[in-house]
Ligand SMILES: Cc1cc2nc3c(=O)[nH]c(=O)nc-3n(C[C@H](O)[C@H](O)[C@H](O)COP(=O)(O)OP(=O)(O)OC[C@H]3O[C@@H](n4cnc5c(N)ncnc54)[C@H](O)[C@@H]3O)c2cc1C
């Protein structure tokens, strides 16, 4: 018998959600996380938006898991008192070309069964957000925000209460296929190493998920991750009080990002971002480029007329784990049990970029169906 039934590599929001879900059914689940605590990478460097599921191609995993995950996330947050706010979101069109794109977005949303979205005119925009300038807008009432740290803490608590064992500060360095599953080799913070066996492996390693798949022999070119950074600037007080909803521009058609938008957080802070910067190398570069301030200002000034350049200060950055190539078409989440490739019981989750936070609980359910 293997030491573990299931080993989950990575304690970001996805690994934790999978653990919380599987631990309702399975015993002997391990989570291995290289950092000293959960959610130290992409899961704590994002907009914390509960997306409605508007933009993604029909029947894609992104669309299906976002729409399902959003409902699960609101229910979960109510059940466990995780702070959230279903504040709603406005997609602001500032010229005729953008207005013509709005209808296409509304149809895409309807195809994804996001049916509460509607086009609103200037009067209604003014009523909802008096400080936003737009000719027309799409209004999504079921978009919201969540305290993602509290959410992950609660998932960790659920998992531990169900018997999951978590090894923090332990990095997976090698995985070998055995007759009954996999042998997983770890390196601990003090440099010492050891290995154990597991019948199933779930690769939820975020930015390193392609490397983890390659460790066991799945070194697929199409699944290589490119780091794509998104930077944020803070809207300094007191002007943060002028906005109470999420405000987005009309997105770029290739969906590399959904445009520099206004995000509010549970503490009442407001930030602008993220932009889209493909990194030349896959390095953890979380610097915020102060010289981008003017570009952020110009981009948001179109729909926030009250904005002045000095209202912004550098805030933070996150990195998207993209399997989409720079300039290439959008790519769906890759979530696959790999029996067909000769790796039974090995489940890869690769390219879990946005809306991965929103979709996390639905991803947990989806993965449970595969184990
Ligand atoms: C700028 C930005 C904005 C975003 N905004 C939103 C949003 O508003 N709403 C939304 O729904 N989604 C958003 N997302 C997407 C969301 O943040 C991610 O989809 C989600 O956090 C992915 O979680 P994860 O657990 O897969 O990855 P991660 O959080 O990266 O976790 C992976 C973990 O695996 C660990 N790991 C890696 N390799 C190893 C190894 N060899 N051994 C042990 N551990 C390892 C890492 O240390 C890490 O903790 C955004 C993303 C970005 C970058």
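Tabulated data for the structure shown
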quantity: Filter pass, residue 109 being more than 27 Å from residue 356 (Cβ to Cβ), in the same structural domain as residue 238 (by TED's automatic domain parsing) and touching a residue at least 24 places away in the same chain (Cβ under 8 Å); calculated: no
quantity: Listing of strands (runs of 3 or more DSSP E) fully contained in the range 241-324 that carry 1 or more residues being modelled with pLDDT under 95 and touching a strand residue (DSSP E or B) at 6+ places or on another chain (Cβ under 8 Å); calculated: 246-249, 261-264, 270-273
quantity: Candidates 47, 23, filtered to the one that is touching a residue at least 40 places away in the same chain (Cβ under 8 Å), within 10 Å of the ligand (Cβ to nearest atom) and touching a helix residue (DSSP H, G or I) at 6+ places or on another chain (Cβ under 9 Å); calculated: 47
quantity: Residue within the range 164-172 that is under 20 Å from residue 14 (Cβ atoms), out of contact with any helix residue (DSSP H, G or I) (no Cβ under 9 Å at 6 or more places or on another chain) and part of a loop (DSSP other than H, G, I, E, B) present; calculated: yes
quantity: The range 186-201, subset within 26 Å of residue 281 (Cα to Cα) and at pLDDT 95 or above, residue surrounded by the fewest Cβ atoms within 10 Å (Cβ to Cβ); calculated: 187
quantity: Qualifying residue in the range 136-149 (condition: in contact with a helix residue (DSSP H, G or I) (Cβ under 9 Å, 6 or more places away or on another chain), over 23 Å from residue 358 (Cβ atoms), modelled with pLDDT of 95 or more and away from the ligand (no atom under 13 Å from the Cβ)); calculated: yes
quantity: Test result for residue 100, more than 9 Å from the ligand (Cβ to nearest atom) and in a helix (DSSP H, G or I); calculated: yes
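The values are calculated or read from the model by the stated rules, or taken from the named source; none is laboratory data. As the structure is a prediction and not an experimental result, all values here were calculated from the model. Cβ sites come from the backbone with ideal geometry, for glycine too, and all protein chains shown count toward neighbours.
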